[in-house]
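Report on the following structure.
The values are calculated or read from the model by the stated rules, or taken from the named source; none is laboratory data. Computed from a predicted structure; not experimentally measured. Only protein heavy atoms, including side chains, enter the accessible area calculation; ligands, DNA and RNA are left aside. Shrake-Rupley method; radii C 1.70, N 1.55, O 1.52, S 1.80 Å.
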Amino acid sequence: LKNGNEAMVLADYPRFVPSEGTILRIDNFTNRPSWSTNLNDNQYRGILEIRDVEGNLVVINELALEDYLKGVAAPAESDPYEKIKTLAILARTYAKFYLDVDRKFPSKPYDASDDPGIFQRYLGYGYELRAANMTRAVNETQGMVVTYQGSLVKTPYFSSSDGRTRSAQEVFGWTNTPYLQSVADPYCEGMELKGHGVGLSGCGAYGAAKEGKTAEEIIKYYYQGVEIEKLY
């Protein structure tokens, strides 16, 4: 994912711009999910660029934010729908924060990574084809983001807690994120902490959604004092 502002500059690197509606495929790229060797997530909407970044060849996928979100494999297709909606809103907010407010990769020619260890797990068009509920959730929550006192916020999330989430100050040393406080996480009681522990836990969102909580209720519990606004 990258901000499209560079699109008007004549490129001195390979840049593949498809006709409208065309999906690009990288035939020599293998990205198969562990549960199925028959699948290969090597298809993408939008533009593909090939760059040399610090001696490494990278492929950059430039596309609209809403299309990007449909390829973010944060929830499972079988998850309760309100959990999927929750993650659609959080993934949009997280990406938009690093597009509009801050740069997470300031020295790189892109604004996001497909590595879930440092950004969000983006698989592209292949995931979109097999995850109809995520596409539906992205469409139904179009433009909806999380704000605190009127400003876009960081919305980290992770797999599971051990019964409580952690504050951002405790884990990252952040002192300017009062909405990222430690909260009780009863749906994850007895589990192991998997991930950084800040913000929403996947098991917590699953349990809350199964119990009938809405995406807005889930978000406002795990991110203290926030609102959900529709930007577009």
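So who's got an amide H within less than 5 Å of the one on D79, skipping anything under 5 residues away but keeping other chains? H placed 1.01 Å off N, in plane.
Those lying under 5 Å, H to H, from D79: there are none.
Using alpha-carbon positions, what is the distance between the centroids of the range 48-72 and the range 182-230, in Å?
Here the two parts' Cα centres lie 30 Å apart.
Could you work out the percent of alpha carbon pairs in the chain separated by over 33 Å, rounded to a whole number?
When every Cα pair of the chain is considered, 18 percent fall beyond 33 Å.
Considering only protein heavy atoms, what per residue accessible area in square angstrom results for the chain with a 1.4 angstrom probe?
Each residue of the chain exposes 50 Å² on average to a 1.4 Å probe.
I'd like the carbon and sulfur percentage of the solvent accessible area for the range 96-145, probe radius 1.4 Å, heavy atoms only, ligands and nucleic acids excluded.
Carbon-and-sulfur percentage of accessible area, whole number: 46.
Hey, what's the Kirkwood Rh for the range 116-232 if you take every pair of different alpha carbons, in angstrom?
For the range 116-232, the Kirkwood estimate is 15.2 Å.
Among E62, E20, E216, what's the order by accessible area (1.4 angstrom probe), most exposed first?
Descending accessible area places them as E20, E216, E62.
Take the residue pairs K108/K154; K194/K230; K70/K194; K108/K230 and return only those whose Cα atoms are more than 27 Å apart.
K194/K230; K108/K230
Provide the per-residue ³J(HN,Hα) series for the range 60-71, in order, calculated from phi with Karplus coefficients 6.51, -1.76, 1.60 and θ = phi - 60°, each as a whole number of Hz, with x at glycine and proline positions.
Once θ is set to phi - 60°, the couplings for the range 60-71 become 10, 9, 9, 7, 5, 4, 5, 5, 4, 4, 5, x Hz.
Please determine, in degrees from 0 to 90 and to the nearest 10, the orientation of helix 81-100 with respect to the longest principal axis defined by the Cα atoms of the chain, where the helix direction is its Cα long axis.
So the inclination is approximately 60 degrees.
Name the long-range amide H neighbours of M144: under 5 Å, sequence gap of 5 or more, or other chain; modelled H, no Pro or chain starts.
HN-HN under 5 Å from M144: L231.
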